Amino acid sequence: MDRSYPYELGAAVVAIAIGFTICASAAVPSSNVDIEAARERVNEARARDNADFLALESALTALGDASLEAGRYATAEAAYAEALQLAEQLGEREGERALTALMGLGKARAEAGHHEEAIPVLQRVLTITRTQYGLFDLRQQDVLKALAVSLTAVERVPEAQELMLYKVRTAEKNYGEGSPKVIPAVCDLGDWFSAAGMYLQARMAYYMALNIVGATDSLEAPIIVEPLRGIARTRMRAQSYPESKLRRRPAPAAWTRMGVVSGPKPGDGRVELDQEGEEALKRALRIVEADPEASPQTRIETLIQTGDWHQIKKLPREALPYYQHAWQLSRTAPSPPSSASTTLNVPVRVYYPTPQIVSDAPAAHAKELQAHYVQVEFTVAADGSVQDARIVDRDANNRDAQEIFDAVREARFRPKFVDGQPVAAPGITYREVFWTDTSRE
């Protein structure tokens, strides 16, 4: 179970991360339809007498894409692996078709949590891309990000950091240092810093993005919405994972070369929900609401994030109008994104005070690792609070179990909505798994 991201907008991601059991809808999900269509293509290609390997490879890649989208990682990995084998047999070991299959294979392994196996595959993609297209070609942007995520997951943080910084430099080389087109890469850097627990550096990255367009207080450009939301997201994440509870990360050696000219000052390590984050989020919402070109997804996500902000502050009444507005938009938008129609259909955890026993987890290379768990069942009330919590299973001592139980009871959720109204969701289970180094006990 991936606990690294307590704040997510995608309901499918949250359902996996928090351990919900959700009843399947009576309708057949579109992802299942895509998978079956791709599987039919694969079967048809296999059945042909002339053995059309190109058609089979294309069908396998389509099956991998559909399975990856649906979270069926084993199916996706097998499809991509066979497509790669076919591409290599056809002499495309370093061609576009091999790159597509390799990238899919790396993503499938990473999404399944098999980061050690994903890293060499993604490194191969990066090497081929640079060899074929040059050191600063934009086609490496996606693999730089994916590889950095996997490296971070196995605690190779300095390597991951260098890749994310290189991602920004690649954008600058292609667009120019002051181009607004660099902003998405800078925001990706901020997101990575935040996920790694380097909150000051994350905020500096978002301020760098704002400075690119000269973001004075009067600027209301849609392009600054994402860095503004990023500033707020970092504050929100820090509530569940305070920097004081995380392992110290190395300061970015190349940070002074990134051109940050304003924003938080060094030494400002506060992580509480403060006025800075709230004003940034209000400003982002104001820009989105005034922008006729803003996508329904952007509007919905910004409204939900604003509701989550108030929910973390334990102000459910203030959060409710934002959630209800988002719920209404998700039903009335001409072509609502798939995630928008479900993101309010299940409870989503937005705050969780990480227990010390969890944040003190030993390094992956510790000599004798021992896994423990505590499983709690509870109801998420209509106001997003946790009610009727009880421990239903555990493999931990009384002290550690109580610490985790207390943390679960303090958690806050975005509640489940039915017909635009928040409702209680009983029978939610959360299984906290943590590790200890028995050689030190």
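The values are calculated or read from the model by the stated rules, or taken from the named source; none is laboratory data. Note that this is a predicted model, so its numbers are computed, not measured. Ideal geometry is used to build each Cβ from the backbone, glycine not excepted, and the neighbour counts take in all protein chains shown.
Scanning region 302-343 for residues that are in a helix (DSSP H, G or I) and charged (D, E, K, R), we see that the one that is modelled with the lowest pLDDT is R331.
Tally time: how many residues in region 160-200 are over 16 Å from A146 (Cβ atoms), of a type in the set (D, E) and not in a loop (DSSP other than H, G, I, E, B)? Result for region 160-200: 1.
Of the residues examined, L60 is one that is farther than 30 Å from K173 by Cα and crowded, with 18+ Cβ neighbours inside 10 Å.
Meeting the requirement of 3 or more residues that are touching a residue at least 60 places away in the same chain (Cβ under 8 Å), surrounded by 15 or more Cβ atoms within 10 Å (Cβ to Cβ) and touching a Pro at 6+ places or on another chain (Cβ under 7 Å), the strands (runs of 3 or more DSSP E) wholly within region 391-437 are 425-437.
So which pairs qualify, if the first residue must be in region 357-381 and at pLDDT below 85, the second must be aromatic (F, W, Y) and crowded, with 17+ Cβ neighbours inside 10 Å, the Cβ gap must be under 7 Å, and the two must be at least 6 apart or on different chains? From region 357-381, the pairs are A361/F434; A361/W435; P362/W435; L369/W435.
Residues checked against (1) buried (at least 17 other Cβ atoms within 10 Å of the Cβ); (2) in contact with a His (Cβ under 6 Å, 6 or more places away or on another chain); (3) at pLDDT 95 or above:
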| site | (1), (2), (3) |
| --- | --- |
| A79 | yes, no, no |
| E88 | no, no, no |
| Q132 | no, no, no |
| L144 | yes, no, yes |
| A160 | yes, no, yes |
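Among the residues of region 90-107, those that are at pLDDT 90 or above and out of contact with any Lys or Arg (no Cβ under 9 Å at 6 or more places or on another chain) comprise T100, A101, M103, G104, L105, K107. Can you go through D2, D52, D34 and tell me which one is at pLDDT 65 or above and within 28 Å of A326 (Cβ to Cβ)? Matching residue, one of D2, D52, D34: D34.
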